[in-house]
Amino acid sequence: QMLHDQGIRPFRKGSRYDLCCGPVASRGCTDCLGLVLWIVSFVVLGFVAMQASQGDPAVFRNFFHGIDAHGNFCGKGAMKDYELTYFTVAPGYTGWRNTSDGKAGYPHMRHLLPLCTKECPTGRGFPLGQVNYRQNACAPRDDNLCTWYGGNTTRQLNFCIDVSLIGESVGANLEAAGLQMGDVYEAAWPLLGLSVLAMLLACLYLVIVRFLAGTFVCGMMVAVLAGVWGLGYVILTDAPHLAEQYGMSQSKIEVVAYIVLTCAGILTIVMLCNARAVCVAARTLETAAMFLNDVKSLMFLPAIAAVVQIIIILAYSVLLTYVASTALQQRSPEGSEANVTTTTTTGVPGDEDGSDVVQFVRVLGAAVEPVVENVTACFWTDGSGARHLDPFCVDFVDDPNDMVMAGYVIFHLLWVLSFVHALCVFITGYSVGIWYFSPFDDDGEKMMPHGNTVCDCRLLFTSYCVGFTHHMGTLALGSLICTIAWIIKTLIQWATSVEDQKEPNAMVKCILRCTACLAECTYRFLESISEQAYIQTALLSTGFCESGRVSLGIAVRHPIRLTLVTKVGDLIELVGTVAVAAGTTGLAWYTFTQTGQATALSNPNGPVLMAAFLGVVIGTVMLHPFSVVATAIMHCFIADEEMALGEGKDAPEHTPAPLRAWMKED
């Protein structure tokens, strides 16, 4: 009672922290400052959108459709039947490389001409280092230019790239990536079936956790203790060898071993003295699995959030495209540097004049047909004045305002995504509060007002409405703080990695690493407190700072319980994700290597890796609520326990079945 009077345990009936009937019903708008900042941010975003509307996103088509030597877009208009762009040399070209880097017989890239074609050319039937014509591969108007010099190309998007001109390693990677993308496309339907299997595996895992949460907790404790004791033992027994290896005296190594063993002993005593907290954590995790089985509609929350985030990312990507287009301009094609000549005799032309207007001859048997054409290509000039082929015909404009607008759009995107995450935590916390403080029926099960079936999403909708109408300012403020902390942490880590490459002095390196460590710790602390603050906001209808204070008080009063629930919940989520991904990957490997599906693929690695990726994503999405649910249940149990203690009762009133079973055993 004294603790209640001093305000150390705020949960008490009749106080502003009374949760005996569930989450506080009488709610008002919290953190109006956060709401104002949230609204102002969208006003600024609208201004950025107005400025970005002056851009022309059509310039990005240059990255998907090449421009031929006559200024036509391949795959568009008159060239709609010739969607691919390849780069060749004009007839009569003689500027072949003669180097020792493996590129002898290849042309210089600045001499290439872009043409539209139906299929990417290969070296089959075309000797390297000779100009030959391709039959019926280009538009009729380009028959005089439709040549090939004998290299091999790989299709990337709508471009045919000669990998030998850009390096063998890069070319091999591009070719392998293209083949794997084709295999993934061929395996689309089996991958869809594997995605459904991954969902079923995640549901099965939750059922298993319902009965084995205690085993997870005990196993984690035993593993931690065994690891610390084992480390101390290894250091002590191997002290002579370690002393010789690190140039230290054996006595110092033994001191380190004794320190580790002492820490292991202290950790063991702490665990034994807090056995009750360990049991509470185990039962809380079982209760979390029970909640997810009762409130089945909450399983859809991660999927809904994922779809919403994808839509948000796509919308902001469109806006960012407009912003980026203000910094891009269509580059004007120039005369080609192709080294060709005009001749009136049969044979291979040999004069190299480098004129901007390309004049060449087409050899048809013994006849010579003089042709004069203007052919163009795009080039960019480096600092030395040398010209290089620009396959996309895009010029970049250096404008600081464009960088500021792009930076703001990216910042706002991160803020909005963090807001969606905060809203999901709030919805989970509110749903857990409704479920936990619901009365029991005659069978000892929770009597939910609604939301306890797969199709009944009223509880989710109610939680969303409460969070969006009353606590948008709190969620916006918390997500803003977390976003700023993440950006600062990321920038410091980037600066540290850049300076490490420059080999700074020891003092600079030490300061940077300490700063990066401090930023990482600060971000993790804010992230943890913010998530728990969202839960308290859902329960108590308090602002961000007040909710954070209550959450921090719970962490101080019950550190072992909360730490075990949080960490073991994360561990169970991780193990489940790995299990789902492993099961999906194993079945994918069997499907794509041991069945008839294998004959349709050039290599099963691409589809198998895609199946593994889908398993990780689905496992993470479906199991992510578990740790948040476990934390919310622990908050509710502590509130229930402290309210019962304030009234002099022996046990809380609303304890779910797993925790009630522990209390009977206790």
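The values are calculated or read from the model by the stated rules, or taken from the named source; none is laboratory data. A quick note: this is a predicted structure, and the numbers were derived from the prediction, not measured. All Cβ positions, even for glycine, are placed from backbone atoms using ideal geometry, and neighbour counts span all protein chains on display. When the accessible area is computed, the model is the full protein with side chains, heavy atoms only, and any ligands, DNA or RNA have been set aside. Shrake-Rupley method; radii C 1.70, N 1.55, O 1.52, S 1.80 Å.
Val616 falls short of the stated requirement of being of a type in the set (A, V, I, L, M, F, W, C), buried (at least 20 other Cβ atoms within 10 Å of the Cβ) and within 27 Å of the chain's Cα centre (by Cα).
Can you find a residue that is hydroxyl-bearing (Ser, Thr, Tyr), under 30 Å from Thr428 (Cα atoms) and surrounded by 12 or more Cβ atoms within 10 Å (Cβ to Cβ) anywhere in the range 246-259? No, there is no match, as no residue in the range 246-259 is hydroxyl-bearing (Ser, Thr, Tyr), under 30 Å from Thr428 (Cα atoms) and surrounded by 12 or more Cβ atoms within 10 Å (Cβ to Cβ). When Thr483, Thr496 are checked against the criterion of being open to solvent by less than 40 Å² (accessible area, probe 1.4 Å), modelled with pLDDT under 85 and farther than 30 Å from Cys21 by Cα, Thr496 stands alone in meeting it. Scanning the range 40-61 for residues that are in contact with a helix residue (DSSP H, G or I) (Cβ under 9 Å, 6 or more places away or on another chain) and either open to solvent by 50 Å² or more (accessible area, probe 1.4 Å) or under 29 Å from Thr483 (Cβ atoms) (or both) yields a count of 14.
Take the residues of the range 451-474 that are at pLDDT 90 or above and touching a Gly at 6+ places or on another chain (Cβ under 7 Å): which is nearest to Pro23 (Cα to Cα)? Per the criteria, the residue is His470. Taken together, the residues in the range 66-81 that are buried (at least 22 other Cβ atoms within 10 Å of the Cβ) and within 26 Å of Ser164 (Cβ to Cβ) amount to 5. For the range 555-588, the candidate set comprises residues that are in contact with a Phe, Trp or Tyr (Cβ under 8 Å, 6 or more places away or on another chain) and under 21 Å from Glu531 (Cα atoms); within that set, the residue that is surrounded by the fewest Cβ atoms within 10 Å (Cβ to Cβ) is Leu571.
Each row is one residue, and each column tells you yes or no for (1) on the phi < 0 side of the Ramachandran plot; (2) at pLDDT below 80; (3) in contact with a Gly (Cβ under 9 Å, 6 or more places away or on another chain).
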site	(1), (2), (3)
Arg549	yes, no, no
His558	yes, no, no
Leu562	yes, no, no
Lys567	yes, yes, no
Ile572	yes, yes, no
Val578	yes, no, yes
Gly583	yes, no, yes
Thr591	yes, no, yes
Gln594	yes, yes, no
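Being open to solvent by 60 Å² or more (accessible area, probe 1.4 Å) and at pLDDT below 90 is a condition met by at least one residue of the range 422-439.
Note on the range 412-437: residues that are closer than 16 Å to Pro23 by Cβ and assigned to a helix (DSSP H, G or I) amount to 13.
Whenever a residue of the range 291-315 is over 16 Å from Ser418 (Cα atoms), its partners that are small (Gly, Ala, Ser) and at pLDDT below 80, lying with C-beta atoms within less than 6 angstrom and at least six residues away or across chains, give the pairs Val295/Gly451; Ser297/Gly451. Only one entry of Ile253, Ile304 meets the criterion of being in a helix (DSSP H, G or I), aliphatic (A, V, I, L, M) and more than 21 Å from Thr631 (Cβ to Cβ), and that entry is Ile253.
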